[in-house]
Amino acid sequence: MLKQDIVREATRLTCAGQLVEATALLQRMLRGDSAPDATWRTTGRLALTGREAPIIDAKANTVEETDGAQLARAATAQPRMLRGLLDRKKQRSGLGLRGLIKRAPSTADIVPEGARFIEGTYSNPAGSRTYRLFIPSRYQGQPLPLAVMLHGCTQSPDDFAAGTRMNFIAEEQTCFVVYPAQRSEANQSKCWNWFRTADQQRGGGEPSLIAGITHQVMRDYSVDPKRVYVGGLSAGAAAAAIMGATYNDLYAAVGIHSGLACGAATDMPSAFAAMRQGGGPGRRVISDGGPPVPTIVFHGDRDMTVHPNNGDQILEQSVRMTSTQKQVHRGQIAGGHAYTRTIHTGASGRGIFEHWNIHGAGHAWSGGSPAGSYTDPRGPDATREMLRFFLEHSLPQQPA
């Protein structure tokens, strides 16, 4: 089967709701295998030879710098973009970077003593989403910053909060944190649908739901409207990039961990290509106009799920729209990862873009807790650095 025929058939299968078969077909194409013509022509379905159902995101891949043989086996087991794919069976077992999680995170893993973590729901014409809101213990009605945190595939707000420990850092800094929850009805693996054009636009789809949750929290609590931020991991990070581009009047800064640039993909085939090698020079830039939103990026240079090129491209998309000076710092976490931190400063001398290239790290939240999934405790501490970056920025004062 010719490559264009494979893409056409994958599109047909997607429209028919046969996502597993479509993904398997694209996997074969990217490996250079011939597609089984007789199978898809006669039955319209692909035999998956015992493989688990894939999703457009993935679990973390563990990389041990001292085990070259293990790395080689991992790199050749599947295409890089699909390493370690999780299905719902694995989701139930709790398999992540830190191995088998035998229990759900406890309250002590998620919420500092004296603080609150409450549930809410938001609805608009695009649908409905629940969320969890962290309220710090020192909140007494004064205006506080708000961070919106978007989880990765198969995760939940509780899992994401436990793994990042964002609530504990927010308690120190006295900030609200809200965690929108993706529904399995919207994506069977609870991925934010960052690769669909309908979910890349202001005022519609998932961006309108995330923005709506943000506004609802701002109405219900005393939030400083100039200090509202959005961040995420993997599929959630790609969604955060979209939110920064389409709602740059709402979010003062964006945090992207192991994610992709806004507009890196518009459908399943381009999503797989972007995850495998980056969005490429033809990727679209989706923006509401105005200056780019300050952005901090974290990416492991051995990420086999979302290629590290994507981290570079996120910054390229922003830096090319403004004039900056670049500073490069190198460091080493004791007993953990080395990293290269690149800071782009604006005319004021303040860092407006940061890129943390974490050497030897895979697809996992850097410095996270093993109480949650997709974490690498070997650092650096992405949670603390992301919130530090957020609080350095605020929206400009709007004219009366």
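The values are calculated or read from the model by the stated rules, or taken from the named source; none is laboratory data. What you are looking at is a predicted structure, and each value in this text was computed from that prediction instead of being measured. Note that we place each Cβ from the backbone using ideal geometry, even for glycine, and neighbour counts take in every protein chain shown. Side chains are part of the model used for accessible areas, which takes the heavy atoms of the whole protein and leaves out ligands, DNA and RNA. Shrake-Rupley method; radii C 1.70, N 1.55, O 1.52, S 1.80 Å.
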Taking the stretch 370-390 and keeping residues part of a loop (DSSP other than H, G, I, E, B) and touching a helix residue (DSSP H, G or I) at 6+ places or on another chain (Cβ under 6 Å) leaves ALA371, GLY372, SER373
Which of the following residues is more than 17 Å from TYR374 (Cβ to Cβ) and open to solvent by less than 10 Å² (accessible area, probe 1.4 Å): CYS153, CYS175, CYS191?
CYS175
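For the stretch 321-350, name all the residues that are open to solvent by less than 60 Å² (accessible area, probe 1.4 Å) and charged (D, E, K, R). Can you show your working first?
Taking the stretch 321-350 and keeping what is open to solvent by less than 60 Å² (accessible area, probe 1.4 Å), we get 322, 324, 331, 333, 336-346, 349.
Answer for the stretch 321-350, where residues must be open to solvent by less than 60 Å² (accessible area, probe 1.4 Å) and charged (D, E, K, R): just ARG341.
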Residue within the stretch 351-365 that is in contact (Cβ under 8 Å) with a residue 24 or more places away in the chain and open to solvent by 70 Å² or more (accessible area, probe 1.4 Å) present
no
Name the residues in the stretch 109-141 that are at positive phi and out of contact with any Leu (no Cβ under 7 Å at 6 or more places or on another chain), would you?
GLY114, GLY141
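If a residue must be assigned to a strand (DSSP E or B) and open to solvent by 20 Å² or more (accessible area, probe 1.4 Å), how many such residues does the stretch 102-128 contain? Explain how you work it out, then say what you get.
From the stretch 102-128, those assigned to a strand (DSSP E or B) are 116-124, 127-128; that's our starting set.
From the residues that got through so far, the ones that are open to solvent by 20 Å² or more (accessible area, probe 1.4 Å) too are 116-119, 121-124, 127-128.
Going through the stretch 102-128 one residue at a time, the tally reaches 10.
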Does the stretch 296-307 include one or more residues that are among the hydroxyl-bearing types (Ser, Thr, Tyr) and more than 26 Å from PHE160 (Cα to Cα)?
no
Per the filter on the stretch 308-323, residues touching a strand residue (DSSP E or B) at 6+ places or on another chain (Cβ under 9 Å), part of a loop (DSSP other than H, G, I, E, B) and more than 14 Å from VAL293 (Cβ to Cβ) are PRO308
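So, in the stretch 328-341, how many residues would count as being touching a residue at least 24 places away in the same chain (Cβ under 8 Å) and either touching a strand residue (DSSP E or B) at 6+ places or on another chain (Cβ under 9 Å) or assigned to a strand (DSSP E or B) (or both)?
Counting residues in the stretch 328-341 that are touching a residue at least 24 places away in the same chain (Cβ under 8 Å) and either touching a strand residue (DSSP E or B) at 6+ places or on another chain (Cβ under 9 Å) or assigned to a strand (DSSP E or B) (or both) gives 5.
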